[in-house]
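K.L.:
Got a structure here, written out as structure tokens. Questions coming.
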Amino acid sequence: MAKGKIVSYTNPTAPASEAFRALRTNLQFLGISEQVSVIAVTGAGPREGKSTTASNLAISVAQAGRSCILIDADLRCPVIHRILATGTQPGLSDVLLGQSTAVQALHDAWVPGLKVMPSGQLPPSPADLLLSPKMAELIADLRTRADMVVIDTPPIGLVSDAAALARVVDGYLLVLGAGRTTRDLARRAKQALETVHGNILGVVLNNMAGQPEYRHYGYGGYGSYGKDKERHRHAR
Ligand SMILES: Nc1ncnc2c1ncn2[C@@H]1O[C@H](COP(=O)(O)OP(=O)(O)OP(=O)(O)O)[C@@H](O)[C@H]1O
Ligand SMILES: [Mg+2]
């Protein structure tokens, strides 16, 4: 995929790029008063634009001259390495399993000032790994290495991975697909965030006109997220 699909890079004057700059600016203002520098991007359901939003936000931050680290914490369906055209190993899971240092797992992206930590090998229990003290240690370390850390995660309405990060992030950016997010999933996402006292920094309503709706991909519930690898091959 790489540069061609990243609107903030290919078309800086497009309305979407302006929207990402506005998002970056709003988050910077939040940062002044609330010390927001580690942000998890999540959503209610699948295929709503979480990874696209996380990537564009991270690029937009780096383009503004602030150092940024983008972590792929979707340890079920990782795509950040494809969007930013970086290597895949070592990555986040390797650091959490003690098989790599944080520095080794930070890959240079083609945008100056942006580093990417890809997912690494896919573990059997992603939520447990993200909940481990190693994750808290890693985020504390990365806070000292960049102005902002953006973390891409799976949908919080389907699996508990994003919720597992509540204690280590400053807040969540919730991406909802316009006309796609079902009431049921939105309710589940809200409950999941309330349970862990997650701080919602903002909601991005992503208008994905022309994109197939996710029910076409056969999502059946919590268990199905990430298991149907085929659907992830088609678009990228
Ligand atoms: N606003 C948009 N307009 C058109 N296409 C979009 C838009 N946002 C995302 N897409 C495309 O939709 C697909 C899904 O986007 P993305 O991978 O960002 O979603 P996701 O919520 O991270 O999905 P997953 O639940 O699988 O992690 C990608 O092919 C992406 O390029
Ligand atoms: Mg994604």
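The values are calculated or read from the model by the stated rules, or taken from the named source; none is laboratory data. These figures come from a predicted structure and were not determined experimentally. When we count neighbours, we look across all protein chains shown, and the Cβ atoms used for this are built from the backbone with ideal geometry, even at glycine. Ligands, DNA and RNA are stripped out before the accessible areas are found, and what is left, the full protein with its side chains, is counted by its heavy atoms. Shrake-Rupley method; radii C 1.70, N 1.55, O 1.52, S 1.80 Å.
K.L.:
Note down the net charge around Leu165, summing +1 for each Lys or Arg and -1 for each Asp or Glu among other residues with Cβ under 14 Å from its Cβ.
P.N.:
Computed value for this residue: -3.
K.L.:
On the protein heavy atoms, probe 1.4 angstrom, tell me the percent of accessible surface of the stretch 36-141 carried by carbon and sulfur.
P.N.:
Roughly 54 percent of what the probe reaches on the stretch 36-141 is carbon or sulfur.
K.L.:
What number comes out for accessible area per residue over the stretch 43-149 if the probe is 1.4 Å? Units Å², please.
P.N.:
Value returned for the stretch 43-149: 34 Å² of accessible area per residue.
K.L.:
Within 14 Å, Cβ to Cβ, of Arg143, how many net charges do the neighbouring residues add up to if Lys/Arg are +1 and Asp/Glu are -1?
P.N.:
0
K.L.:
Just to be sure I understand: of the beta bridges DSSP finds with both ends in the stretch 70-202, what percent are antiparallel, rounded to 5? Provide the component values of the computation, followed by the final result.
P.N.:
Values: 2 of 9 bridges.
Here the share of antiparallel DSSP bridges comes out near 20 percent.
K.L.:
Here is a follow-up. Test of understanding: what is the full-extension gain from Val103 to Thr182, defined as 0.36 nm times their sequence separation minus their Cα-Cα distance?
P.N.:
Answer, rounded to one decimal: 24.5 nm.
K.L.:
Rounded to the nearest Å, what's the spacing between the alpha carbon centres of the stretch 49-89 and the stretch 97-117? Just the number, please.
P.N.:
Cα centroid of the stretch 49-89 versus Cα centroid of the stretch 97-117: 11 Å apart.
K.L.:
Note down the net charge around Val95, summing +1 for each Lys or Arg and -1 for each Asp or Glu among other residues with Cβ under 14 Å from its Cβ. Intermediate values should be presented prior to the final figure.
P.N.:
Values: positive: Lys115, Lys134, Arg145; negative: Asp72, Asp94, Glu137, Asp141.
Once all neighbours under 14 Å are counted, the net charge is -1.
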